[in-house]
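Right, one structure below, let's go through it.
FYI, it's all coordinate maths here, none of it is from the lab. Bear in mind that the values here come from a model prediction, so they are computed numbers and not experimental data. Glycine also receives a Cβ, built like all others from the backbone with ideal geometry; neighbour counts cover every protein chain displayed.
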Amino acid sequence: MKDIELARNVVEFLEEKKGEDILLLDLQGQAPIGSYYVICSANSERGLGALRDAVLDGLRERNIAKPLLEGATVEGWLLADFGSVVVHIFSTAQRDYYRLEELWTEAKVLLHVQ
C-alpha cells in the first residue's frame, strides 16, 4: 500500500469513529520522520482509545504491520508511527496546548474534516 493510501485509510477509520477536526498533512521533505501526519481530536479518554483501536483494527485487517505506539489515553494523547505515516490523536485540551499543526505551517493540507 502506498503511503498516501495508508494515510487516507487512517483518515477514513477516524472519520467512521467520529474523530473530530481530522487533518491530513503532506510533510514530504519537511519532517525528519514520516511523509504524512494525521492529526485528530477526541472529547474523552474513551474516545481516544476508540479512535486508536479503529485505526489499528482497520489496518490490521488490511495486513498493515503494527505501528510503534506512544502515549496513553489518561495523558490525552496517543501516537501511532507507521514509518511513513504518523498518527496523532489528542484530547481537545492537549491539542489546543501543543498546537502541533502550527509546527508545520509549510506543510500542504491534503484534507481537513471538521
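If we scan the range 15-28, do we find a residue that is farther than 18 Å from Phe82 by Cα and loosely packed, with under 15 Cβ neighbours inside 10 Å?
yes
Restricting Asn63, Asn43 to those that are free of Cβ contacts under 8 Å to residues at least 40 places away in the same chain and more than 14 Å from the chain's Cα centre (by Cα) reduces the list to Asn63. For the range 89-107, indicate whether the set of residues that are within 14 Å of the chain's Cα centre (by Cα), surrounded by 19 or more Cβ atoms within 10 Å (Cβ to Cβ) and under 20 Å from Ile4 (Cα atoms) is non-empty. For the range 89-107, residues within 14 Å of the chain's Cα centre (by Cα), surrounded by 19 or more Cβ atoms within 10 Å (Cβ to Cβ) and under 20 Å from Ile4 (Cα atoms): present.
Quick grid of which residues meet (1) within 24 Å of Gly76 (Cβ to Cβ); (2) in a loop (DSSP other than H, G, I, E, B):
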{"residue": "Glu5", "(1), (2)": "no, no"}
{"residue": "Glu15", "(1), (2)": "yes, no"}
{"residue": "Asp21", "(1), (2)": "yes, no"}
{"residue": "Gln30", "(1), (2)": "no, yes"}
{"residue": "Ile33", "(1), (2)": "yes, yes"}
{"residue": "Tyr37", "(1), (2)": "yes, no"}
{"residue": "Cys40", "(1), (2)": "yes, no"}
{"residue": "Ala50", "(1), (2)": "yes, no"}
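Only a single criterion out of (1) buried (at least 17 other Cβ atoms within 10 Å of the Cβ); (2) in contact with a helix residue (DSSP H, G or I) (Cβ under 6 Å, 6 or more places away or on another chain); (3) assigned to a helix (DSSP H, G or I) is not satisfied by Leu78, namely (3).
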